[in-house]
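This report refers to the structure that appears directly beneath it.
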Amino acid sequence: MKTLRNWDNKTWLSSNKYILSFYKFLKLKVRFNNNIKVLDIGCGRANIISFLQRKHKFQNKPIGIDIIKSKNTKKNIIFKKIDAIKYLKKTDEKFDLILIKQTIHFFSKNKLNILIDLVKKKLNKKGQILIFSLKTKNNKIPSFKRMKIKLILSLKKDEDLIKKIKKKLIKYKISHFNFKVSISKSKYIKMIKNKYISCLLNFSRKEIKKGVEEVKSDFKNQINFTDTLICINYKK
Ligand SMILES: C[S@@+](CC[C@H](N)C(=O)[O-])C[C@H]1O[C@@H](n2cnc3c(N)ncnc32)[C@H](O)[C@@H]1O
């Protein structure tokens, strides 16, 4: 699969408001203290664990791993440019909190099985895994026609992956993280041109151009919607 480079690059996903709101959600699930060891799989620019580090001043800096190293990756964490499975196979470290946010769709079913087995093994006593993924039904991500088709296909795949994860984890709790997005049409068009979401990665320039024209005519100047993630919460 092509790589995603603009996911959290100056989008609502990197905004202070989003990170703060996500943190508030995490606080409902996780007992934070400065002793816990945190791993973020597919961390992107590491905005989330960087925020956690600022808030909690963990004795062990959180570790973020990703196959892509972006220019402005946060500096107050330990970043490792490596494939998740490779890292988990070779590390001796164990963690109290493992985050996997909006990353499972990059894995095949087989690889995901391996990933889940490995993360379970890498948990400390009372450790916790939090997996986040786009809500698969009735998703509100603003899309042009072809984008919608690809998005629905990708969400169908996610649904299968989520089923697999639930089967593997056996005991888990499900909840939803909702974030109200209000974004100007021009900014959203920039995000589309930057192929901010994986369902756009294989689009040709011509297809993106056509999509942008559609967005220009179909959406109001300010686009409002709720970005909803399913959260699978597993505790050892
Ligand atoms: C949609 S982004 C999510 C970034 C971040 N978790 C967030 O929610 O803001 C998915 C990330 O997973 C990374 N990724 C994909 N496959 C990976 C793998 N096999 N190992 C580690 N990271 C991977 C991508 O490079 C990308 O940065």
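Observations on the model:
- Estimated dipole of the stretch 81-157 in Debye, rounded to 20 [Cβ of Lys and Arg +1, of Asp and Glu -1, Cα centre]: 440 debye
- Local electrostatic count, residue 112, Cβ distance below 14 Å [Lys/Arg +1, Asp/Glu -1]: +4
- Cα convex hull, the chain: 116 Å³ per residue, rounded to a whole number.
- Whole-Å semi-axes of the ellipsoid equivalent to the stretch 101-236 (Cα gyration tensor, √5λ, descending): 33, 16, 12
- Inter-centroid distance (Cα atoms) of the stretch 23-102 relative to the stretch 123-183, Å: 19 Å
- Computed over the stretch 66-222: relative contact order in percent, which uses C-alpha pairs under 8 Å that are six or more apart: 21 percent
- Membrane-span-like helices in the chain, defined purely by DSSP H runs whose alpha carbon atoms cover 27 Å or more axially and whose average Kyte-Doolittle hydropathy reaches -1.0, are 145-169.
- All-pairs alpha carbon distance profile, the stretch 99-164, 5 Å steps from 0, percent: 3, 15, 25, 21, 15, 10, 6, 3, 1, 0
- Within the chain: Cβ-based charge dipole about Cα centre, in debye rounded to nearest 20 (Lys, Arg +1; Asp, Glu -1): 200 debye
- A Förster radius of 35 Å, combined with the Cβ-Cβ distance separating residue 167 from residue 124, puts the computed FRET efficiency at roughly 0.90.
FYI, it's all coordinate maths here, none of it is from the lab. Quantities reported herein were computed from a predicted structural model and do not represent experimental measurements. FYI the Cβ positions are ideal-geometry reconstructions off the backbone, even for glycines, and counts take in every protein chain you see.
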